[in-house]
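As structure tokens, the structure follows; a few thoughts come after it.
The values are calculated or read from the model by the stated rules, or taken from the named source; none is laboratory data. These numbers were taken from a predicted model, which means no experiment stands behind them. Cβ coordinates were reconstructed from backbone atoms using ideal geometry, including for glycine residues, and neighbour counts include every protein chain displayed.
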Amino acid sequence: MIRFGPSGIPLSCKGRTLRDGIEDVHNLGLTAMEVQLVRVNLNERFASEEDVGHTIREIPGELIVRVGRPEDHGTMFFSDFQRAIERGDILYSLASGIAHDYVELEELGEIARELDIELTLHAPYYMDFADVDGLAAKSMDSAVWGGLLAHALQARLVVTHLGRYGDLDRQLALERVKDNLAAVRERFKGARLSPWIGAEASGLQEVVGGLDELLWLAKQVKGVVPVLNFAHLHAREGGLLRRPEDFQAVFEKAEKAADGHFHAHFSGVEHAGGNEIRYTPIKKGDLRFEPLAEYLLTSPVDLTVISSSPLLEHDAMYMRVILDRVVAKKVGKPEIPEPIIEPVPKPVKPVVAPRPAAKKAPANKPTKKRPAAKRPTKKRTPKRARRKKRASAKRRPARPRAKRSPKRSSRRRR
């Protein structure tokens, strides 16, 4: 099955909560969504009497991701849903969580399952598993806290970046990343967290995350799978992914490490010198989705494609439209082999004796055309004559009127 979805809440969503985002993804006809855990700033407080005896999952109105318990030799920290809170414990909760509490996260996970939306969670973007900047412990904590939220959401993966090489030798940096990822997986097992860790490919040469490195980590640490960010792989390899065969090579390499399901990111990308510059909409970059769609049509793959484009859900729907077009083109115009037909010999035309040429008829002499009869036209009097005629008519004296005889009155004069 192939799923498409955005990286985060859709841009067109009117509400900005996770519940609004899940419902909007469903209304858009998409079937996947990656929840973004961008910030991990913590609030700290002592456990109250109401908290004692409860687990972090049962505390209302807070997403508690860490508990500190004072001991003789220092403070012990744990992050799980099994151990109960005791008096004197210090509770650490997310300052800006993706939900109010774990009960709400579980409800959102159920809603997503009912709407057939696959959820994953992306850990904070800056991670340092090689401990180049001394932030390996913080990166491991962030991954575990993301695992708590993902478990409540029933999400499949916690996607994470791996960090820079720094001044370390590449193999040494990779060994450090492996050891720290293994430690995170042990903490996942101790807390009974179900999600796997997705190691995402990097688009920069200075950051751990080449395809071969991801496959090596997945082989070394159980519970780690590669996340195929095609924009990053395309930029890192100098624009390698251009044909269906190029995508086929990537899937064939990652097949053993993917555990039957592939998780990928896709977008357009600007790149130079083997490094990513920025994400772009799919239509503007030189990484096209059509070759990937053509490969997916020929090889059945269980794949989730997350749009990390600046257009988010718009490009997620655009990828789905492209896949539908490729399928329709393939189904509507099946390739039928042309039958091989032997050439038919051309028939030989019989030779016919030429006929004698017919005598030409004498040409008729051209007859002179009579000129058409002219219509008689009335002669016009010149302008001066017309003017004189008018003037003479004005000078003529008017005829005198006949005088009437006076009527005789019937009365006699007296």
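What do you reckon, is GLN171 of a type outside the set (D, E, K, R) and in contact (Cβ under 8 Å) with a residue 24 or more places away in the chain? The answer is no for GLN171.
Listed by first and then second residue, the pairs with beta-carbon distance under 7 Å, at least 6 apart or on different chains, first residue in the stretch 247-265 and touching a residue at least 12 places away in the same chain (Cβ under 8 Å), second surrounded by fewer than 17 Cβ atoms within 10 Å (Cβ to Cβ) and acidic (Asp, Glu), are GLY260/ASP302; HIS261/ASP302; PHE262/ASP302.
Residues of the stretch 109-137 that are farther than 21 Å from GLU34 by Cα and surrounded by 15 or more Cβ atoms within 10 Å (Cβ to Cβ): ASP128, PHE129, ALA130, ASP131, VAL132, LEU135, ALA136.
Among the residues of the stretch 27-62, those identified as among the hydroxyl-bearing types (Ser, Thr, Tyr) and either exposed (fewer than 15 other Cβ atoms within 10 Å of the Cβ) or not assigned by TED's automatic domain parsing to the domain that holds VAL321 (or both) are SER48, THR55. GLN154: of a type in the set (S, T, N, Q), out of contact with any Lys or Arg (no Cβ under 6 Å at 6 or more places or on another chain) and outside the structural domain of ARG187 (by TED's automatic domain parsing), yes or no? Answer is no for this residue. Residue pairs whose Cβ atoms lie under 9 Å apart, separated by 6 or more positions or on different chains, with the first residue in the stretch 277-289 and of a type in the set (Ser, Thr, Tyr) and the second in a strand (DSSP E or B), are TYR279/GLY268; TYR279/VAL269; TYR279/GLU270; THR280/GLY268; THR280/VAL269; THR280/GLU270.
Residue under question is VAL305, and the condition is that it be surrounded by 23 or more Cβ atoms within 10 Å (Cβ to Cβ) and under 17 Å from VAL326 (Cα atoms); does it hold? The answer is yes for VAL305.
The residue list GLY260, GLY209, GLY190, GLY223 contains one member that is surrounded by fewer than 15 Cβ atoms within 10 Å (Cβ to Cβ) and at positive phi, which is GLY260.
Scanning the stretch 1-26 for residues that are surrounded by fewer than 20 Cβ atoms within 10 Å (Cβ to Cβ) and not in a loop (DSSP other than H, G, I, E, B) turns up ILE2, ARG3, ARG19, ASP20, GLU23, HIS26.
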